[in-house]
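Peer 1: Below is a structure I'd like to ask you about.
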Amino acid sequence: MKLVFATHNPNKVLEIQKMLPGGIELLSLDDIGCSEPIPETETTLEGNARLKAKYVRERYGYDCFADDTGLEVAALGGAPGVFSARYAGPRADAVANMRKLLAEMAGCDDRRARFRTAIALSLDGEYHFFEGEVTGEILWEPKGDQGFGYDPIFMPAGSGRSFAEFPLADKNRISHRGKAFRALESFLKGRV
Ligand code: IMP
């Protein structure tokens, strides 16, 4: 069975392919010739993930899953949320996004935050949703040099270190993304 993972990143495809049952051949967007940007115009992570899976299903005819992740900060009413990648502007990089977040939270003692990943799977004409989250807090300044995105300013609850101080395998064990993909994996294992 061929299944598309709505990403252009071959490393992500390889990593997830290893988790899936043997009967599934995972394809990337590049593998199916999809190079145009897929709209992400919804206001929720689930909505955006569903939009991407639906786009691939309708235009390319493949079963597909798509993920969307956001950092949700309690004191900011859940921002940056779906806008995490472009919080400081359409071309913002991780440093600019972190700088903006720290500025928005200057003097704010409520540092509670969570990362959340939503996955939408379009399979045989039906949608299935999976989710993973990790709670923690926003640090006062960046720490560590591993990972990506907001990792240097996010400390998972009880860990005493930022995500950027975690080796990747340790991060995957507790992360939003790790949990969401393991939920997808166990669902697919029951289906194939
Ligand atoms: P995406 O949906 O996986 O592309 O994630 C959207 C944005 O959320 C990324 O551009 C990052 O800014 C942020 N993000 C997602 N996952 C992580 C993570 O594991 N650590 C830090 N930032 C993340």
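Peer 1: If you bin every alpha carbon distance in the stretch 2-189 into 5 Å steps from zero, what whole percent lands in each bin?
Peer 2: In whole percents, the pair-distance histogram is 1, 8, 16, 20, 19, 15, 11, 6, 3, 1, 0.
Peer 1: What order do you get for 153-160, 56-63 when each peptide is scored by the mean count of other beta carbon atoms within 10 Å, highest first?
Peer 2: 153-160, 56-63
Peer 1: So what J values fall out for the stretch 179-188 if you push phi through Karplus, 6.51 cos²θ - 1.76 cosθ + 1.60 with θ = phi - 60°, rounded to Hz, Gly and Pro as x?
Peer 2: Listing the rounded values in order: 5, 5, 6, 5, 5, 4, 4, 5, 4, 5 Hz.
Peer 1: For the Cα atoms of the chain, what angle does the longest principal axis make with the long axis of helix 10-19, in degrees from 0 to 90, nearest 10?
Peer 2: Roughly 70 degrees between the two axes.
Peer 1: Can you work out the Karplus-derived ³J(HN,Hα) for every residue in the stretch 151-160? Use 6.51 cos²θ - 1.76 cosθ + 1.60 with θ = phi - 60°, whole Hz, and x for glycine or proline.
Peer 2: 3, x, 10, 10, 10, x, 3, x, 8, x
Peer 1: Using a 7 Å offset from Cα along Cα-Cβ at residue 102, what residues in the stretch 150-165 end up with backbone N under 18 Å from the label point?
Peer 2: 150-156, 161-165
Peer 1: Can you tell me which of 148, 65, 129 moves the most in a GNM of the chain? Springs connect C-alpha atoms under 10 Å apart.
Peer 2: In the Gaussian network model the winner is 148.
Peer 1: What dipole magnitude, in Debye to the nearest 20, does the stretch 15-140 give about its Cα centre under +1 on Lys/Arg Cβ and -1 on Asp/Glu Cβ?
Peer 2: Values: 14 positive and 22 negative charges, 85 e Å.
For the stretch 15-140, the charge dipole is close to 400 debye.
Peer 1: Another question about this same structure. So for the chain, averaging the separation of alpha carbon pairs under 8 Å that are six or more residues apart and normalising by length, what relative contact order in percent results?
Peer 2: Relative contact order comes out at 18 percent.
Peer 1: In degrees from 0 to 90, rounded to the nearest 10, what is the angle of the helix 45-60 Cα long axis to the longest principal axis of the chain?
Peer 2: That works out to roughly 30 degrees.
Peer 1: Does anyone have the angle between helix 94-104 and the longest principal axis of the chain? Alpha-carbon axes, 0 to 90°, nearest 10?
Peer 2: Tilt relative to the chain: about 50 degrees.
Bear in mind these aren't lab numbers, they're just calculated from the coordinates by the rules spelled out. The structure presented is a predicted model; accordingly, all values stated were derived computationally and were not measured. Here the Cβ is made from the backbone with ideal geometry for all residues, glycine too, and neighbour counts use every protein chain on show.
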